[in-house]
Structure formats: structure tokens, C-alpha cells
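S.K.: Before I ask anything, here is the structure I am working with.
The values are calculated or read from the model by the stated rules, or taken from the named source; none is laboratory data. What you see is a predicted model; the values in this text were computed from it and never measured. Neighbour counts run over all protein chains shown; Cβ positions are idealised from the backbone, glycine included. Areas reflect the complete protein model, heavy atoms only, side chains present, ligands, DNA and RNA absent. Shrake-Rupley method; radii C 1.70, N 1.55, O 1.52, S 1.80 Å.
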Amino acid sequence: VQLVESGGGLVQAGGSLRLSCAASGSTSSLNSMGWYRQAPEKRRELVATISSGGYTNYGDSVKGRATISRENAKNSVYLQMNSLKPEDTAVYYCQALDFSRDYWGQGTQVTVSS
């Protein structure tokens, strides 16, 4: 499974962005898909995940500001983030799980300026 993210960039504080992740390869067994992020000198943290059935889970730092969605037919997952803060600056990684392992994209940089 290969994951390719897009949609990162430079955004002003208070703004919004939408990240996309497209999966290719052996996607029929994928269950959960989601987003994690890692800021410099910090641990990678959960942003949001969504199961194949649509169950969602959000990290505490983005609750109320992020919405994850998924298009199973396109093997894609999206992350809409609003009211962005400078502390949201990080590399955002797409993740997917099947029954045996997880897969990661290469990441997309999101920078929020104050």
C-alpha cells in the first residue's frame, strides 16, 4: 500500500486547510485510515482516524477544529482543519491499517504563521 498526501502549505493563524491522502496498491484490506502529525523535537501525535465504517476518533488538541472524512471508493481520506493555530505547525502524515500492519505516507508540511 502506498499513501500520498497533498494539501499542506503555509496558512495564517485562524485560517483553514484541507489535507488529502490517496491510497494505492492492495487497498481492499484497509480498515482504519487517519492522520498523525509531528512537530520539531516532539513526538508524533494523533490528529484523527476514521474506520472503514465511518467511526471517527480525534486527538484532544484538534477536537472541535478538525473533521476527518473518507471516500472508500477512491481509497482516500481527508482532513479539514479550521481555526488553525501556530502550534498546529507540523509535518502531517497519513496512516492506514490493515489486519497485519500499518502504512505511512511521506508527510506534508503544514506551517501556520501568527
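S.K.: Is the range 72-86 home to any residue that is at pLDDT below 95 and out of contact with any strand residue (DSSP E or B) (no Cβ under 9 Å at 6 or more places or on another chain)?
M.R.: yes
S.K.: Here is a follow-up. Please determine, by comparing only the residues of the range 14-34 that are open to solvent by 50 Å² or more (accessible area, probe 1.4 Å) and assigned to a loop (DSSP other than H, G, I, E, B), which one is nearest to Ser69 (Cα to Cα).
M.R.: Among those residues, the one meeting the criterion is Asn31.
S.K.: Tell me which residues, restricted to the range 1-13, are among the aliphatic types (A, V, I, L, M), over 27 Å from Arg101 (Cβ atoms) and in a strand (DSSP E or B).
M.R.: Leu10, Val11
S.K.: Given the conditions (1) of a type outside the set (Gly, Ala, Ser); (2) over 18 Å from Tyr93 (Cβ atoms); (3) open to solvent by 70 Å² or more (accessible area, probe 1.4 Å), report the number of the one that Arg44 does not fulfil.
M.R.: All conditions are met except number (2).
S.K.: Another question, if that's okay. Taking the condition of being at pLDDT below 95 and outside any loop (DSSP other than H, G, I, E, B), how many residues in the range 36-66 meet it?
M.R.: Selection size over the range 36-66: 0.
S.K.: Find the strands (runs of 3 or more DSSP E) located wholly in the range 67-114 whose residues include 2 or more that are of a type in the set (A, V, I, L, M, F, W, C) and surrounded by 13 or more Cβ atoms within 10 Å (Cβ to Cβ), and list them. Before you say what the answer is, go through the steps one by one.
M.R.: Numbers: elements: 76-81, 90-97, 102-104, 108-113.
Per the criteria, 76-81, 90-97, 108-113.
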